[in-house]
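The values are calculated or read from the model by the stated rules, or taken from the named source; none is laboratory data. In this text, all values refer to a predicted model and were calculated from it rather than measured experimentally. Every residue, glycine as well, gets a Cβ built from its backbone with ideal geometry; the counts of neighbours run over all protein chains shown.
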Amino acid sequence: MVTSLSMLTRLQNLSLAFQSPRLWANPVSLLVPLPARIVLPALALFRYKGNSEYLEDFLARVDTPLLDNITISLSTQLQCKADFSDLSVGV
């Protein structure tokens, strides 16, 4: 999925939701290297609902330089909301 998203360079909003828990991975598949990271240069808003492992896999492969609003709802009912619009980065 991440590789397919790399073509969407003007994507500004992305929402992902997974209803089923992740199945345990085959130990052999854990040895396969992850694909190269991608950049979503215009992504400003990201919403995620589902298993934390899916989220970790996704975030490990994506750079989002303009992201300023993220909402995460994990399947464990823990919710995290953040607004980075007031965050200024010093040069």
Scan of region 1-17 for residues that are at pLDDT 80 or above and in a loop (DSSP other than H, G, I, E, B), ordered by number = Ser6, Met7, Leu8, Thr9, Arg10, Leu11, Gln12
Filter region 58-91 down to residues that are at pLDDT 85 or above and not hydrophobic (A, V, I, L, M, F, W, C), then give me how many there are.
-> 8
If we keep just the residues of region 46-67 that are assigned to a loop (DSSP other than H, G, I, E, B) and within 13 Å of Leu14 (Cβ to Cβ), which is farthest from the chain's Cα centre (by Cα)?
-> Leu66
